[in-house]
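Below is one structure, written out as structure tokens, with a few remarks after it.
What follows draws every value from the coordinates through simple rules; no lab data is involved. Here the structure is a predicted model, which is why all the values come from computation and not from measurement. Every residue, glycine among them, receives a Cβ derived from its backbone with ideal geometry; neighbour counts consider all protein chains shown.
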Amino acid sequence: MLRIPMIIFMALLIWLMPTEGARTYIVDDSGFANFNTIQEAVVAASNGDTIYIKPGEYNEEVILNRSLKLMPLTGENGPIILKGDGLETGITITAEGCSLQGLTIQDFAGPAIYIQSSRNSIRENVFKNANPAILVRGSHENTITANTIMDSQGAVALWENSTNNQVSENDIVGCNLSIVVRETAENKILRNKISDAYWGLWLDHAEDCQIEGNDIQSKMYGVWVLNSSDICVSQNNVRIKGSTSGISQGINLANASGTILQGNEINDAAFGMLIFSSKNDKLMDNAIFRSTNAVFIKDSDSEVLKNNSIIGTEYGIRMENSSRNSLHQNKIENGTVGFDLGLSSQNNISENQLSGITDTAVQITSSNENTLSANRITDSSKGIILLESSANQLMANRFQNVEWSLYAEAETKEGFNNSIDESNVVDAVPIVYLFSRFGGQIQDRDIAHLTLAYCENVTVKNIAITNDAVFLFNSKNNRIQENNISGSFGMRLVQSNENEISGNMLLGNKFSGMFLYASDLNQIAGNNASRNNQNGISLLSCNQNIIADNVVNGNAATGIWLNLSQDNQVYKNNISNNPLGLQVMLSTGNKIFHNNFVGNQEHSQDIGGSNSWDEGNVTGGNYWSDHVAKGNPSRDWPRMIKGGSMLDGYPFQDESGWLRAAAA
């Protein structure tokens, strides 16, 4: 009956006994073990042996030139501290297959662990005050996991052709440069927690590495990928905290190619993602919050940005001197500017959603041959602005609840040469953009926006502008007749001459009802420019225009405003109930007569010029509701014009008194 238990006892005893090539050693700094120092045990041990270290403090440098395991003695509590106190390197590993677990290594001038071999395991150790904590050079297939690294110049460095290493699930706190991967390939940096760092991860001349699932809280830089290719940076959480600099960066690609940035979340960086001199990278499914520049692409080519979410940033996606990039299905919300392109060409911007943009959803400056299609812009201030940009194509873009959907401006004719068709709509109403059109008619329809650029002999009649404005740029001999341009931005003429603008309703617009700049020889007659939020009719640097028979009533600032404008005729207008009826500034040679000034807080002002406010004692001057005169016109009842020495020498006693005089 006793033989079976005895056999079991003998079997267990044999299994617990050390076998050839696998012995154990115990180190105790108090002298109650085989060895007092770790290095003594290493010298005595052979490949495959295990060295158990009792709690204590060991002030030494260790060279592992045998394949050994270093770990705490089972059942012992308390830290095992390998302390440098001025020594250079804690443990140098030159043999393959070593394992270090449960140690505390601190206060070394150089690396706490220096790995020069392969297939080693560094697990569940604590590192303090080293430079760096772990250095891997020219080594492969090492595993560095579940360690705590604190207050070191660097945490983990993989250098010089170190491949297939894995750095995972480490807790790294207060390190200047947390993880650096340099001149290496095929390494994995996974699920590390990095906090209170200056630099998070830095890859330099690296290839085919995987950066996944890391939580990085940095003071300045999250992830840098420099001179590297085929890097996958995915599912990382990057937060910038404590930076007072405007250059903090979440993820930076510089001179990179083939990089994948996917599923990352970035918070509070000045630059969420900075892409510089890079190509063929993919930025997909990332979320960026509260950045000055969510994504800034500079001097880069063939980048793909797809399905990224950008919320609460000053600039969503910026491009400078970059070409052939694809921006597709991104979402930008609650920012100042959505897309900003400068000196960039042949980019494709499609199917993006932009909402809550307080300034401009898409801003394109000196950028040519870009395609904007099927983008949706909602609840924003300005939609798409093209400045000095040509050969751009806009198709099927939709604007909803956008205050100002489209604006184009350029110094040259070529700068207006864009293809913008009527598939672009504002609240389902089409945009009309005509460039270099001769002849033709636009009539009897609703239009959200109308631009005539370098157009001639076009008739625009009986249309209603539902959102933006009527813009004329360098256009002449056009007829703008009997249109309703109200509750929008009115009508604007820039360097446009000899146009007839008549019979239009310009009511309740957000600025002036009609604004002319550097536009001459136009006839502005029979329009109603009233209740606008600035002036009724404004002229700046405009000459020889006729402003006649218009109703200008109840505007927020001035009824008719002339500045730096010469030789215009202003007559037979009804100017009423404005804070200032007619203001003339720094202008000369203008003729102002036969106008009714009624109920304005101040009827007129003439500053810094020389203009006539009457046409002599036969034709007469104007009617002023606050001035007593006798006769139509009167000869002895002049009215002074505020602002200088001008006067109306022959005012009328009756409203429209010139008509009575003509009838008599």
Worksheet entry | Which of H594, Q605, I501, positive extreme of dipole for the stretch 429-663 (C-beta unit charges) | I501
Worksheet entry | E409-Y198 FRET efficiency (beta carbon distance; Förster radius 56 Å; 0.05 resolution) | 0.80
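Please give the FRET efficiency for Q400 paired with N617, using the beta carbon to beta carbon distance and R0 = 56 Å, rounded to the nearest 0.05. It would help to have the intermediate numbers written out before the result.
Working: r = 60 Å, r/R0 = 1.06.
Working from the Cβ atoms, E equals 0.40.
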Worksheet item: What is the set of long-range amide H partners of S604 at a cut-off below 5 Å, with H atoms built 1.01 Å from backbone N?
Response: G581, L582, K642
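Please state the charge dipole magnitude for the stretch 429-663, taken about the Cα centre, from unit charges on C-beta atoms (+1 on K and R, -1 on D and E), reported in debye and rounded to the nearest 20. Please report the intermediate quantities before stating the final value.
On the way: 15 positive and 19 negative charges, 47 e Å.
Dipole size: approximately 220 debye.
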Item to complete: Compute log10 of I(q)/I(0) for the stretch 429-663 with the Debye formula, placing one identical point scatterer on every Cα and leaving out solvent, at q = 0.08 Å⁻¹, to two decimals.
Response: -0.28
Worksheet item: In debye to the nearest 20, how big a dipole does the stretch 564-628 give about its Cα centre with +1 on each Lys and Arg Cβ and -1 on each Asp and Glu Cβ?
Response: 120
Discussion item. Give me the one-decimal nm value for the distance between modelled label points at D636 and D444, 7 Å along each residue's Cα-to-Cβ direction.
Written reply: 6.0
Item to complete: Give a residue-ordered list of calculated ³J(HN,Hα) values for the stretch 97-105 (Karplus: 6.51 cos²θ - 1.76 cosθ + 1.60, θ = phi - 60°; whole Hz; x for Gly, Pro).
Response: x, 7, 9, 10, 8, x, 9, 10, 10
Worksheet item: Which cross-chain or sequence-distant (5 or more) residues have an amide H under 5 Å from the amide H of L341, H modelled 1.01 Å from N in plane?
Response: M319, Q363, I364, T365
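Once fully extended, how much extra length lies between Q544 and R23, figured as 0.36 nm per residue of separation less the alpha-carbon to alpha-carbon distance? List each step's numbers first, then the result.
Values: separation 521, 0.36 × 521 = 187.56 nm, distance 10.64 nm.
Extra length from Q544 to R23 when fully extended: 176.9 nm.
For E369 and E141, what is the calculated FRET efficiency with R₀ set at 45 Å and r taken between the beta-carbons, to the nearest 0.05?
On the way: r = 49 Å, r/R0 = 1.09.
Once rounded, the FRET efficiency stands at 0.35.
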Fill in: Principal-axis tilt of helix 3-16 within the chain, Cα atoms, nearest 10 degrees
60
Worksheet entry | Rg and Dmax of the stretch 122-261, Cα atoms only, in Å | 13.4, 40
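Could you work out the percent of alpha carbon pairs in the chain separated by over 48 Å, rounded to a whole number? Could you put the intermediate results ahead of the total?
Numbers: 96460 of 220116 pairs.
That fraction is 44 percent.
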Worksheet item: Antiparallel as a % of all DSSP beta bridges within the stretch 429-663, to the nearest 5?
Response: 5
Discussion item. Under the rule of at least 5 residues apart or a separate chain, name every residue whose amide H is placed under 5 Å from the amide H of N264.
Written reply: Q235, N236, N286, A287
Worksheet item: Taking 1 over the mean of 1/r across every pair of different Cα atoms in the stretch 23-177, what Kirkwood radius in Å do you get?
Response: 15.1
Discussion item. Can you compute the label reach from S625? Point 7 Å from Cα along the Cβ direction, backbone N cut-off under 16 Å, restricted to the stretch 538-568.
Written reply: 551-560
Fill in: Karplus (6.51, -1.76, 1.60) ³J(HN,Hα), θ = phi - 60°, over the stretch 144-153, in Hz, Gly and Pro reported as x
10, 9, 6, 8, 10, 10, 10, 6, 10, 4
Discussion item. Tell me the relative contact order for the chain as a rounded percent, counting alpha carbon contacts under 8 Å between residues six or more apart.
Written reply: 3
